[in-house]
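Since every read-out is calculated from the coordinates, none of them should be taken as a lab result. Since the model is a prediction, treat every value here as computed from it, not as a measurement. Here the Cβ positions follow ideal geometry from the backbone for every residue, glycine too, while neighbour counts run over all protein chains shown.
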Amino acid sequence: MLRQRTLLGGVVAFNGRRSTLDCTIRNLSDHGALMILSDAVALPEAFDIEIPSRQRQYPARLKWRNGNRIGIAFADTADVVP
């Protein structure tokens, strides 16, 4: 699973898109990503991640968290292209 290093702005959306948080995506693969998000933020297990510069949005799941570093897995990887 090759990860591509990135420095992309992202938006995490949950609660029916009523709640959004800005994040930074530091690496990206066909199956998931590493993002940086304030460690004070409580993130649900399932959410959407949007990458505006690539005009893409993916359903995602929280896999792990270490401070402000968060590993996510894309729920549907059929058309994810880094």
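So which residues in the stretch 64-73 are over 13 Å from Asp30 (Cα atoms) and either of a type in the set (A, V, I, L, M) or surrounded by fewer than 13 Cβ atoms within 10 Å (Cβ to Cβ) (or both), if there are any at all?
Trp64, Asn66, Gly67, Ile70
Of all residues in the stretch 1-20, how many are more than 13 Å from Phe74 (Cβ to Cβ) and surrounded by fewer than 15 Cβ atoms within 10 Å (Cβ to Cβ)?
Within the stretch 1-20, residues that are more than 13 Å from Phe74 (Cβ to Cβ) and surrounded by fewer than 15 Cβ atoms within 10 Å (Cβ to Cβ) number 11.
Criterion first (surrounded by 13 or more Cβ atoms within 10 Å (Cβ to Cβ) and over 12 Å from the mean Cα position of the chain (by Cα)) does Arg54 satisfy it? Show your work before the answer.
Working: surrounded by 13 or more Cβ atoms within 10 Å (Cβ to Cβ): yes; over 12 Å from the mean Cα position of the chain (by Cα): yes.
Yes.
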